[in-house]
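These notes concern the structure reproduced below.
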Amino acid sequence: MQSRLITGYSFWKDKVLPIALVITLGFLILYIGLASFGLIGLDQTSYANGSISRWCERISAGIFKEPINSLSNLGFMISGLLMFSILSSDCKNKYNVNNFYGLTPISLLYAGTVVYLGIGSLLMHGTNTNWGGWADNLSMIMYIILPWIINIGEMGRWSIRKFIRVYIIIVLIYALSRWVFGSSLGINLDLFGLSIGLWIISETLYRFWTSKFRWFSGFIGFVVAAVFGITPIEIFSNFDKYWWVILFWLPALFSRYKPVKKRKYFPWFFLGMIMYILSFIIWAQGKPNSSYCNPDSFIQLHAIWHLMTAFSTWCFFKFFRTEKLINSE
């Protein structure tokens, strides 16, 4: 996809960061105000005050039902705001190559979804409501589908307009389905887990694209699933639950062209992946049935997961900024 600055770039260059900052602070002020007057979280549906949440922290009667887990989401907001700051100050000499330099539709979308990761997760941990959980899941999907759609868009020679259209359609379908049918969307589809696989598959294909490897690339998804504890034996023994593995071949289907750009994977891509895998291990221990769970501690493992994954989003932002034309050297 050819990099393209947003319309009216000169006008927006000095305004994007202040606008993002105002929106972020405005959300926090609005949340605190509504919660202080008891106007948010009235339909608390998950756990009673004083009980232990499914993410280990004890439920509070205050404005944040899970105080530590809620406030740790500031990490995402800070990460996203730093991205807006860097994008606003970029020089023009790389704008025509990299979609993560300057104020492009893709760079703004990425930074915005990172900020919303913090907002969505705070709504879930702060209110302990079903609608808060919906906002949290939506924020996760809005972020995790971006990398693999970017990769497929590059290898499919999509226009920016087509990329945005596909992204919006997927988000809207997920948002409605998640609200009506719940986390599996009524069809046993784990879109978040699938998207992690699609990212690694499409990233590997982006790096090693050949016409033959294109169709082999789907098998990489089984390796990714195994890393997260889902073995091929389990998949095929419960295919009604894991039928979505057939979608591992989506990148092969749409990635018809060899990329004309390349990325530098060390250190940022590997650092981001290592941080995410380590944070996933910590996330798995941050539950009530874990011996590491201390519901009254100021150190909550789920909060650490938030901070580590927030740093991962920063690493991947830096990674995408390494992209340049293959013949540029």
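So in segment 72-122, with the set limited to residues that are aromatic (F, W, Y) and more than 23 Å from L301 (Cα to Cα), which one is surrounded by the fewest Cβ atoms within 10 Å (Cβ to Cβ)? Top of the filtered list is Y95. Within segment 178-213, the set of residues being of a type in the set (A, V, I, L, M), surrounded by 13 or more Cβ atoms within 10 Å (Cβ to Cβ) and over 13 Å from Y242 (Cα atoms) comprises L185, I196, L198, I200, I201, L205. When F228 is tested against (1) of a type in the set (F, W, Y); (2) closer than 29 Å to F76 by Cβ; (3) at pLDDT 95 or above, just one condition goes unmet, and that condition is (3).
Can you find a residue in segment 4-20 that is in a loop (DSSP other than H, G, I, E, B), modelled with pLDDT of 90 or more and over 30 Å from S291 (Cβ atoms)? Among the residues of segment 4-20, at least one is in a loop (DSSP other than H, G, I, E, B), modelled with pLDDT of 90 or more and over 30 Å from S291 (Cβ atoms), which makes the answer yes.
Screening L205 on (1) assigned to a loop (DSSP other than H, G, I, E, B); (2) closer than 16 Å to F254 by Cα shows it passes everything except condition (1). Can you confirm whether G221 is surrounded by 17 or more Cβ atoms within 10 Å (Cβ to Cβ), touching a residue at least 24 places away in the same chain (Cβ under 8 Å), farther than 30 Å from S159 by Cα and not acidic (D, E)? No. Within the option set F269, F280, F222, F248, being closer than 18 Å to H306 by Cα and of a type in the set (F, W, Y) holds for one residue only, F280.
The values are calculated or read from the model by the stated rules, or taken from the named source; none is laboratory data. Every value quoted in this text rests on a predicted model; they were computed, and no experiment measured them. Heads up, the Cβs are rebuilt from the backbone with ideal geometry, glycines too, and the neighbour counts pull from every protein chain shown.
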